[in-house]
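The values are calculated or read from the model by the stated rules, or taken from the named source; none is laboratory data. From a predicted model like this one, the values you see are computed outputs, not experimental measurements. Glycine also receives a Cβ, built like all others from the backbone with ideal geometry; neighbour counts cover every protein chain displayed. Ligands, DNA and RNA are stripped out before the accessible areas are found, and what is left, the full protein with its side chains, is counted by its heavy atoms. Shrake-Rupley method; radii C 1.70, N 1.55, O 1.52, S 1.80 Å.
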Amino acid sequence: MLRKHSRALIIALLFLIVVIPSWGGIYDDYIQLILFYIGINVIMATSLNLINGYMGEFSCGHAGFMAVGAYVTSVITVILFAGHPNLGPARLSPQWSVFVFPIALVAGGIAAAVAGLLVAIPSFRTRGDYLAIITLAVNYIVKSAIENMEIIGGPRGFVGMGKVVNGMQQVLNIPWVLIWTFIGALATIFLIRNFVSSTRGKSVIAIREDEIAAELMSVDTRRTKVVAFMLSSGLAGIAGGLFAHGPGGYINPGTFTILKSTEAMVMVYMGGMGSITGSIMSAIIFTILLELLRPLKVFKWVVIPLLLILLMLFRPEGLMGNRELTDIFPRLRALFPPSDVGLPPQESREVLEYAPVSD
Amino acid sequence: MSIFLQHFVNALQWGSFYALIALGYTMVYGVLLLINFAHGDIFMVGAYLGFFIGTYLLTTFGSTMPSWLVLTLTLLLSMLLTAGVGVTIERVAYRPLRERGADRLYVVITALMVGLLLEYLNLGFLGARRRQYPTLLETQVYSIYGVNVSNLKIGIIGLSFLVMIGLELIVRKTKIGMAMRAISYDREAVPLMGVPVNRIIVATFIIGSSLAALAGNMFGAAYPILTYNMGILIGWKAFIAAVVGGIGEIRGAMAGGYLLGFIEIFVVAMGGLPGFGWLSSTYRDLVAFTILLIILTLRPTGLFGVARRQKV
Amino acid sequence: MPLCQIRGLTHYFGGLRAVYDFNLDLEEGELIGLIGPNGAGKTTVFNLVCGVYRPTEGEIRFNGTDIVGLRPHQITALGIARTFQNIRLWGQRTVLDNIRIAQYARVRYGLLDAFFHTPRYWAEEKEILHRSLELLDLLDLKAYAYEQAQNLPYGLQRRVEIARALATQPRLLLLDEPAAGMNPAEIEDLLDLIHWIRDQFHLTIWVIEHQMRLIMSICERIKVLDFGETIAEGTPAEIQANPRVIQAYLGEEVA
């Protein structure tokens, strides 16, 4: 009973904790901002975990895909609802943005997923260090390409998203972007958990452990890589689209550098490679930590690398290793519907029994 | 024609920077299979150390010491100290991981973090103020067939060539150089033959870091504005050069460095030609990284690298 | 018509000739051995058949289809599966997952089903689970279904590798030194297992092996390679008596 409705229950609970107090003004802007960043970081960390954790590659350009999503989503919403000096006046009344915003987010995600092909295709023949360089190059290429596009502001950045958000709030005064961020985070967790627990998606893990064996055991490794990279970069693109519509309503290419990619990597490795709950927890901890370290100003970026260096020295597997919270506290399984039919017998006895085929 | 030669000289100068830094990447990779992501920041450390030493020497002994001595001392001392920084990083951050047999990935992440640490330690302690690298050499410009060549450029290019020839000799002729090559050739057997691996690794970091420091000082002399993040982009590009040449291959790093120097200078030069006005210098980085992407997609082991077949 | 037809298979690594003019017809249900000294090119032949390398020259027809140039997973999906000289299980996965992932080519549900866990997904995953457990049961591995593959003893890992190859539903099974590192008792079991799976799964089996006792007692036909070339072919008795084979194995002096 509890298990059956647990998904609805979690969503309701999140709304109770996150959205409603923000709406009612119980949380001030600062707390809402932190919640917003937590949501974005959950998407970034969980999506990167698919590549760096489950597939065991070393992608260090995740922010590049975030940039693609941020710009594509913003250009769509701004052209339609806000207007821009280079792109002409608004085409539609800002109120319509309520409906178009999620579509624009998805469009940004799709654009980022296509950009993910820039990494996926080289990955057919290259792995490890060389692929890491390629991801990094893609990060620079995206940033550099945006800087060279004067029509969207070049290095000075792109504005107008604030008007779009205002338009949504005119229709109904609720924290729209925060709500969509949490829907996005939940959807990310849902999609990735589902994918890696399916026989099709487990091929990602088979590639990590032995790619040649995977290919020889009938796994289409190229297809798997394309799917994994596109899913991962597409979700990063959605995170970017949401990020661009955050407070300030302003983005510039300098936001999406290797430093941003490093943040995502720190979260993945801190949480544990191949652990979704690990990524979620570390996204929350990391975001709060960044805020707590704010008084240190520049030295924040001394403390964070130092933390990760110590982590690598003393607990390289991260908080969770490749286990999930449910592996450590099996009782939690009662709360969640199983994602995999083939769990160890004590957890799902009913599916393990099978009738021997009669000869 | 003279324009062409002018660009040629500029390309040689930039190529020298890239090649010297790329050597550090490639040597560490050859010996440790580690992409030392902190290496670009070692270049920055070298430039800053040169700045401090040079400024100190000039202000304290400037009137009594001949300028060639100041220059030499600055170069040597900054190279020595930077080598110390490189070895310390290896000792404190990389070696413990290696001795525990940690996954290579963790070492790479650590390297990336060490780079960030160096940048922000600099920013934190020295502030965002830009530093002016001291003038250690009075610039003189010679005009040869309409090509303007300064003594600085000649010095940079000449010294780089000398250092690289020296490095070739070290690697080919000395015991330690041969051990380096042996390790990159067969990682398992060499330690069994009684080669002191840790000593070889330390030597590699000393050479790599001091070459980066040399490049940092040269860069400071040519473009005297120093910033905390000056090593990032040039470091990445040098890394591209190393990869393009086939990482682990010493000659590849040199060739890759000069190749990248030429490509970049000519992209900028093309912008001056009629019809290519759109190709502004801001496209330089874009072109460099796109070339990397294309080369790695077509030839995953770089231009000089040899594919190692995985045994099935 | 033979199940698998290999004609003039030749492969060079750079300038090194690894396999030269290899010909073989594999009839349905046969059990064939491939032997030869170290470095004779036996595993290379397997790699060529499986598509790991593309042959420099030659033709491989499997079940009427030309498979040269296909990617390894396509060849496996057509019905050729193999094990490896050095065990290559996905060590950190459970035995059950090893078996399930090997059924990748038979997954019919689409990506969206995998993303959203549709009823179609559940139905098919249950089917895959059922088949996997059935296979593990047949091979006496069911008790280890939830063990990490790398934690099993060596002999069992070999068995899991055979099970994983069977999970792809092959018609031709290539075994690359299945007895390597086994003690005599384990080899006895392996002999029985190989015979039994051939009959149970109606397979054609092709074995590379150094263990003469194993190869002589199970193979109906044996091919001998030396320096990439076929030096002998025949029944175990013929091979044992062939002077060229003895020479290749023991060196010049004997001849």
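Go over the candidates A:321, A:240, A:278, A:272 one by one and state the one that is surrounded by 23 or more Cβ atoms within 10 Å (Cβ to Cβ) and within 14 Å of chain B (Cβ to nearest Cβ). Talk me through it step by step, then tell me what you get.
Values: A:321 fails: surrounded by 23 or more Cβ atoms within 10 Å (Cβ to Cβ); A:240 fails: within 14 Å of chain B (Cβ to nearest Cβ); A:278 fails: within 14 Å of chain B (Cβ to nearest Cβ).
Exactly one residue qualifies, and that residue is A:272.
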**Asked** What strands (runs of 3 or more DSSP E), lying completely within segment C:1-113, carry at least 3 residues that are within 13 Å of chain A (Cβ to nearest Cβ) and in contact with a strand residue (DSSP E or B) (Cβ under 9 Å, 6 or more places away or on another chain)?
**Response** C:80-82
**Message:** Among the residues of segment B:220-252, what is the count of those that are hydrophobic (A, V, I, L, M, F, W, C), at the interface with another protein chain (Cβ under 10 Å from one of its Cβ atoms) and farther than 12 Å from residue B:302 by Cβ?
**Reply:** 3
**Fill in**
Quick count over segment A:11-39, residues being within 25 Å of residue A:264 (Cα to Cα), in contact (Cβ under 8 Å) with a residue 60 or more places away in the chain and either open to solvent by 60 Å² or more (accessible area, probe 1.4 Å) or touching a Gly at 6+ places or on another chain (Cβ under 8 Å) (or both), is 6
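Kindly indicate whether residue C:210 is under 26 Å from residue C:89 (Cα atoms) and outside any helix (DSSP H, G or I). So that I can check it myself, show each step before the final result.
Numbers: under 26 Å from residue C:89 (Cα atoms): yes; outside any helix (DSSP H, G or I): yes.
Yes: the conditions hold for residue C:210.
Any residue that is within 14 Å of chain A (Cβ to nearest Cβ), within 24 Å of residue B:214 (Cβ to Cβ), in a helix (DSSP H, G or I) and open to solvent by less than 30 Å² (accessible area, probe 1.4 Å) - is there at least one of those in segment B:126-134? Working first, answer last.
Initially, segment B:126-134 is screened for residues within 14 Å of chain A (Cβ to nearest Cβ), giving B:126-129.
Add one more test, that the residue is within 24 Å of residue B:214 (Cβ to Cβ), and what stays is B:126.
Then keep just the ones that are in a helix (DSSP H, G or I); that gives B:126.
Then keep just the ones that are open to solvent by less than 30 Å² (accessible area, probe 1.4 Å); that gives none.
Looking for residues that are within 14 Å of chain A (Cβ to nearest Cβ), within 24 Å of residue B:214 (Cβ to Cβ), in a helix (DSSP H, G or I) and open to solvent by less than 30 Å² (accessible area, probe 1.4 Å), one finds none in segment B:126-134, hence no.
Per-residue answers, yes or no, for (1) closer than 25 Å to residue C:73 by Cα; (2) of a type outside the set (Val, Ile, Thr); (3) assigned to a helix (DSSP H, G or I):
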{"site": "C:125", "(1), (2), (3)": "yes, yes, yes"}
{"site": "C:131", "(1), (2), (3)": "yes, yes, yes"}
{"site": "C:135", "(1), (2), (3)": "yes, yes, yes"}
{"site": "C:143", "(1), (2), (3)": "no, yes, yes"}
{"site": "C:157", "(1), (2), (3)": "yes, yes, yes"}
{"site": "C:160", "(1), (2), (3)": "yes, no, yes"}
{"site": "C:164", "(1), (2), (3)": "yes, yes, yes"}
{"site": "C:174", "(1), (2), (3)": "yes, yes, no"}
{"site": "C:180", "(1), (2), (3)": "no, yes, no"}
**Complete:** The residue that is nearest to the other protein chains (Cβ to nearest Cβ), considering only those in segment C:114-155 that are among the polar types (S, T, N, Q) and without any contact (Cβ under 8 Å) to a residue 24 or more places away in the chain, is C:118
**Complete:** Sole miss for residue B:47 among (1) within 23 Å of residue B:171 (Cβ to Cβ); (2) in contact with a strand residue (DSSP E or B) (Cβ under 6 Å, 6 or more places away or on another chain) is condition (1)
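Under the condition of being open to solvent by less than 30 Å² (accessible area, probe 1.4 Å) and more than 7 Å from every other protein chain (Cβ to nearest Cβ), which residue from segment A:112-127 is nearest to residue B:289 (Cα to Cα)? If you could, list the steps in order and put the result at the bottom.
Filtering segment A:112-127 down to residues open to solvent by less than 30 Å² (accessible area, probe 1.4 Å) leaves A:112-113, A:115-116, A:119-120, A:122-123, A:126.
Retained after the next criterion (residues that are more than 7 Å from every other protein chain (Cβ to nearest Cβ)): A:112-113, A:115-116, A:119-120, A:123.
On the way: A:112: 19, A:113: 20, A:115: 15, A:116: 16, A:119: 13, A:120: 17, A:123: 17 Å.
Top of the filtered list is A:119.
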**Prompt:** Considering only residues of segment A:203-222 that are within 25 Å of residue A:44 (Cβ to Cβ) and more than 8 Å from every other protein chain (Cβ to nearest Cβ), which is surrounded by the fewest Cβ atoms within 10 Å (Cβ to Cβ)?
**Reply:** A:208
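Yes/no per residue for (1) within 14 Å of another protein chain (Cβ to nearest Cβ); (2) out of contact with any Ser or Thr (no Cβ under 9 Å at 6 or more places or on another chain); (3) surrounded by 15 or more Cβ atoms within 10 Å (Cβ to Cβ); (4) assigned to a helix (DSSP H, G or I):
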{"site": "B:75", "(1), (2), (3), (4)": "no, yes, yes, yes"}
{"site": "B:79", "(1), (2), (3), (4)": "no, no, yes, yes"}
{"site": "B:85", "(1), (2), (3), (4)": "no, no, yes, yes"}
{"site": "B:101", "(1), (2), (3), (4)": "yes, yes, no, no"}
{"site": "B:108", "(1), (2), (3), (4)": "yes, yes, yes, yes"}
{"site": "B:136", "(1), (2), (3), (4)": "no, no, yes, no"}
{"site": "B:143", "(1), (2), (3), (4)": "no, yes, no, no"}
{"site": "B:149", "(1), (2), (3), (4)": "no, no, yes, no"}
{"site": "B:157", "(1), (2), (3), (4)": "no, no, yes, yes"}
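Residues in segment A:88-142 that are under 27 Å from residue B:301 (Cβ atoms) and of a type in the set (Lys, Arg): how many?
Restricting attention to segment A:88-142, the residues satisfying the condition of being under 27 Å from residue B:301 (Cβ atoms) are A:115-142.
From the residues that got through so far, the ones that are of a type in the set (Lys, Arg) too are A:125, A:127.
Counting residues in segment A:88-142 that are under 27 Å from residue B:301 (Cβ atoms) and of a type in the set (Lys, Arg) gives 2.
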**Item:** Extreme residue, surrounded by the most Cβ atoms within 10 Å (Cβ to Cβ), among residues of segment A:141-163 that are within 9 Å of another protein chain (Cβ to nearest Cβ) and small (Gly, Ala, Ser)
**Value:** A:144
**Prompt:** Is it true that some residue in segment B:259-267 is crowded, with 16+ Cβ neighbours inside 10 Å, at pLDDT below 80 and within 24 Å of residue B:235 (Cα to Cα)?
**Reply:** no
**Asked** What number goes with the only condition from (1) of a type outside the set (D, E, K, R); (2) at pLDDT 85 or above; (3) under 25 Å from residue B:255 (Cα atoms) that residue B:183 does not pass?
**Response** (2)
